[in-house]
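Each remark here refers to the structure printed beneath this line.
FYI, it's all coordinate maths here, none of it is from the lab. The structure displayed is predicted, hence computed values, not measured ones. Heads up, the Cβs are rebuilt from the backbone with ideal geometry, glycines too, and the neighbour counts pull from every protein chain shown.
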Amino acid sequence: MGIAGVVLSSSVVSYSKPGAVPRQDLAAIDVPVLVLHHAKDACRVCAPHEVPSILRGLVNAPVKKLVMVDGGANPTGDACEALHWHGFIGMEEEAVGIIANWIRNPA
């Protein structure tokens, strides 16, 4: 049995970065996909405005959903690390809930 779906969170989306998600063969993905990202993510390779490029590449995914969250509080340290918006700081339970609910009902 293959995979039932894909969840991408805080994805590397900058085309300048080798291996960035939008540079992959996204058309080969033919299962449901959830893309979860924080609207305030300040990581230089994870800019929120570039996230829709992932969905544009998912031409064969039967379900593709983007959830851009804007919650949490008190980010600290490097913007590309877990204790900043990149890691959904202060809203970890909510982020896990979004993912778990989508896994149960990928719509």
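Going through segment 38-55 one residue at a time, which ones are of a type in the set (Asp, Glu) and under 14 Å from Ser16 (Cα atoms)? Once the filter is applied, which keeps residues that are of a type in the set (Asp, Glu) and under 14 Å from Ser16 (Cα atoms), segment 38-55 yields only Glu50.
If I filter segment 22-36 down to residues being under 10 Å from the mean Cα position of the chain (by Cα) and under 11 Å from Leu55 (Cβ atoms), which single residue comes out as surrounded by the fewest Cβ atoms within 10 Å (Cβ to Cβ)? Show your work before the answer.
Within segment 22-36, the first condition is being under 10 Å from the mean Cα position of the chain (by Cα), and the residues that meet it are 33-36.
Now narrow it down to the ones that are under 11 Å from Leu55 (Cβ atoms): 33-35.
Working: Val33: 23, Leu34: 20, Val35: 22.
Here the residue is Leu34.
State whether one or more residues within segment 86-101 are out of contact with any strand residue (DSSP E or B) (no Cβ under 6 Å at 6 or more places or on another chain), loosely packed, with under 15 Cβ neighbours inside 10 Å and of a type in the set (A, V, I, L, M, F, W, C). Among the residues of segment 86-101, at least one is out of contact with any strand residue (DSSP E or B) (no Cβ under 6 Å at 6 or more places or on another chain), loosely packed, with under 15 Cβ neighbours inside 10 Å and of a type in the set (A, V, I, L, M, F, W, C), which makes the answer yes.
Checked across segment 52-66, the condition of being charged (D, E, K, R), within 13 Å of Ser10 (Cα to Cα) and surrounded by fewer than 19 Cβ atoms within 10 Å (Cβ to Cβ) holds for no residue. Among the residues making up segment 27-66, those that are in contact with a Ser or Thr (Cβ under 9 Å, 6 or more places away or on another chain) and not β-branched (Val, Ile, Thr) are Leu34, Leu36, His37, His38, Asp41, Cys43, Arg44, Cys46, Ala47, Glu50.
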